[in-house]
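As structure tokens, the structure follows; a few thoughts come after it.
The values are calculated or read from the model by the stated rules, or taken from the named source; none is laboratory data. Note that the coordinates shown come from a computational prediction; the quantities given were computed from them, not determined experimentally. Please note: Cβ atoms are built from the backbone with ideal geometry, for glycine as well, and neighbour counts cover all protein chains shown. Only protein heavy atoms, including side chains, enter the accessible area calculation; ligands, DNA and RNA are left aside. Shrake-Rupley method; radii C 1.70, N 1.55, O 1.52, S 1.80 Å.
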Amino acid sequence: FSEAERVFRALLDEVTDALGVGREAAGKARLRVAECLDGRGEYDEALKMLETVVEDYQRTALAAEAQYTAGYILEVHRRDYDGARTAYAKVREHAASSQFATRADARSANLRRLRALRATSTETDPAETALAAAELLLLDLEKPEEALAQYDVVRRRYPHNEAARKAAFAIAWTH
């Protein structure tokens, strides 16, 4: 990612120096730099770069993509689900009909469902609720490691419940 980041930063400098010509290209270059930073695990720097895109390209598809990507970093790498939901909610402010708004809505809905499942686990059958949370993590949120850990909790905590057998099967299926 280092070489790609260097190339995108050079492109960003060239485009920016062109006195406003290629403004959209400069925004796209910043998005690609943020992706490189994300790929290297430099999440704070990636989030800062994305924030500059949101600020400089408000109410555009570029801002929507940057806002969505910020939410994704918060959700997937930081596991800051509240922060991710907040970021996803702002995507529509920039480009309500963009593919990123649709994706943000879906990811936000999944995070709300996960939060609701975790909140109701004591009110209903806790084993089934924990199993449903694991399935949501695996199938909708695409977090297999977290799902496997959740399935293992179900298997160990509720060994005589039908959910434990389903969790054991899911662990085997996922591996």
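Structural remarks
- Rounded, prolate or oblate (a/c below 1.5 giving rounded, otherwise prolate when a/b exceeds b/c) for the range 121-175 by Cα gyration tensor: oblate
- Residues in the chain average 55 Å² of solvent-accessible surface per residue, probe 1.4 Å, ligands and nucleic acids excluded.
- Centre separation in Å (Cα based) which lies between the range 132-166 and the range 89-106: 30 Å
- Anchor K28: aspartates and glutamates whose Cα lies under 16 Å away (excluding residues fewer than 8 positions away in-chain): E5, D13, E14, D17, D38, E51, E55, D56, E65
- Placing R0 at 30 angstrom, the Cβ-Cβ distance between E162 and A109 gives a FRET efficiency of 0.65 after rounding to 0.05.
- Gain on full stretching of the segment that runs from T102 to R59 - 0.36 nm per residue minus C-alpha separation: 13.9 nm
- Listed values (1) 47; (2) 53; (3) 40, entry calculated as percent of Cα pairs over 27 Å apart: (3)
- In the chain, the calculated helix contribution to ellipticity at 222 nm averages -24500 deg cm²/dmol per residue, counting -39,500 (n - 2.57) for every DSSP H run with n ≥ 4.
- Charge context of H160, other residues only, Cβ under 14 angstrom, K/R +1, D/E -1: +2
- Heavy-atom accessible surface of the range 62-119: percent carbon and sulfur, 1.4 Å: 49 percent
- Relative contact order of the chain, pairs being alpha-carbon contacts under 8 Å that are 6 or more residues apart, as %: 11 percent
- Area accessible to solvent at E145, 1.4 Å probe radius, in Å²: 130 Å²
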